[in-house]
Amino acid sequence: MKIRVIASDFDGTILKDGAQEVDSGYFPLIRALKERGIFFIAASGRQYGNLRRLLKPVADEIGYICENGALIAQGDRVLCQREIDRRLVFSLIEDAKKVEGARMLVSCAEASCVLPEDPGFITLLRERVKNTVKVYGSFQQITEPIIKMALYWPEGIPELWEEWFQEKYGRTLNVADGGGGWLDFTGRDVDKGSALSWLAARQGFELEEVLSFGDSGNDIGMLRAAGLSYAMNTAKPEVKACADRECALVSDVLRAVLDGTGRSREQGRIGGSGYTQQTRKAEKE
């Protein structure tokens, strides 16, 4: 089956070692894929505006799965927002206030919403991550739909707290390790995989025609959903277990797709008529 769609995570996947700019070599690759009829989707926990800035040379030519699947867009047009029940958000905020060392971020479609108590966190978001940020005296002042909540620990997510939040909220929210010290919360059935399925149903491609890349817990749904998936060689074992293959650089695999030399675990060429996946679904399940 021919690959028609490529969906890739960014932080830890295309953006390596904490990079905040996309290597310019990706833009001609994305354009070359488009010329071959292969559609590129940026799939990230990042906000929509941030991804458009990162991908400015091709921003209107690609699709977007943003905020871990809570916002879906095509070019400059938002297609879907998936809101979290506000009662759950504010319950989560109250619990997060008890966690020493955790920074809180509430995501709306156009901005990352924070409190003024930690100027260093605001500076990090605005100047390093380059998010659009709004500072509120209280999260209760937010009137826009809330699509994601996140907690950030500069030294990494403490295992104890990840387990605690998963235990308390895992039945009502999707709780995922976003990588780099971020613990992300979206609606219960909202992740990159369900967003990919939403796009497939509306844009007329099959999930078996998707090639995906990821490295963190928030990529697992997408890796499982795609017909062929790569985990980065730096990913945790539980992420690698959900993918078909590993790679060090996404760009190397994209070039193989364009050259027709990449091969699945089973048989056939990526992008060629011989590609099949007779055993991978059973392996993942």
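The values are calculated or read from the model by the stated rules, or taken from the named source; none is laboratory data. Predicted model, so just to flag it, every value in this text is computed and none were measured. FYI the Cβ positions are ideal-geometry reconstructions off the backbone, even for glycines, and counts take in every protein chain you see. Please note that ligands, DNA and RNA were not included when accessible areas were found on the heavy atoms of the full protein model with its side chains. Shrake-Rupley method; radii C 1.70, N 1.55, O 1.52, S 1.80 Å.
Reported count of residues in segment 205-242, each being open to solvent by 30 Å² or more (accessible area, probe 1.4 Å) and under 17 Å from ILE38 (Cβ atoms), is 3. In segment 5-12 there is no residue that is touching a residue at least 24 places away in the same chain (Cβ under 8 Å), open to solvent by 60 Å² or more (accessible area, probe 1.4 Å) and over 24 Å from PHE121 (Cα atoms). For segment 69-98, a residue qualifies if it is more than 17 Å from THR172 (Cβ to Cβ) and of a type in the set (S, T, N, Q), and the qualifying residues are GLN74, GLN81. Residues in segment 59-80 that are open to solvent by 10 Å² or more (accessible area, probe 1.4 Å) and among the acidic types (Asp, Glu) were compared, and the one that is farthest from ILE30 (Cα to Cα) is ASP76. Residues of segment 5-25 that are assigned to a loop (DSSP other than H, G, I, E, B) and of a type in the set (A, V, I, L, M): ILE14, ALA19, VAL22.
Which of the residues spanning segment 89-112 are at pLDDT 95 or above, open to solvent by 40 Å² or more (accessible area, probe 1.4 Å) and not acidic (Asp, Glu)? Listed by number, the residues that qualify are SER91, ARG103.
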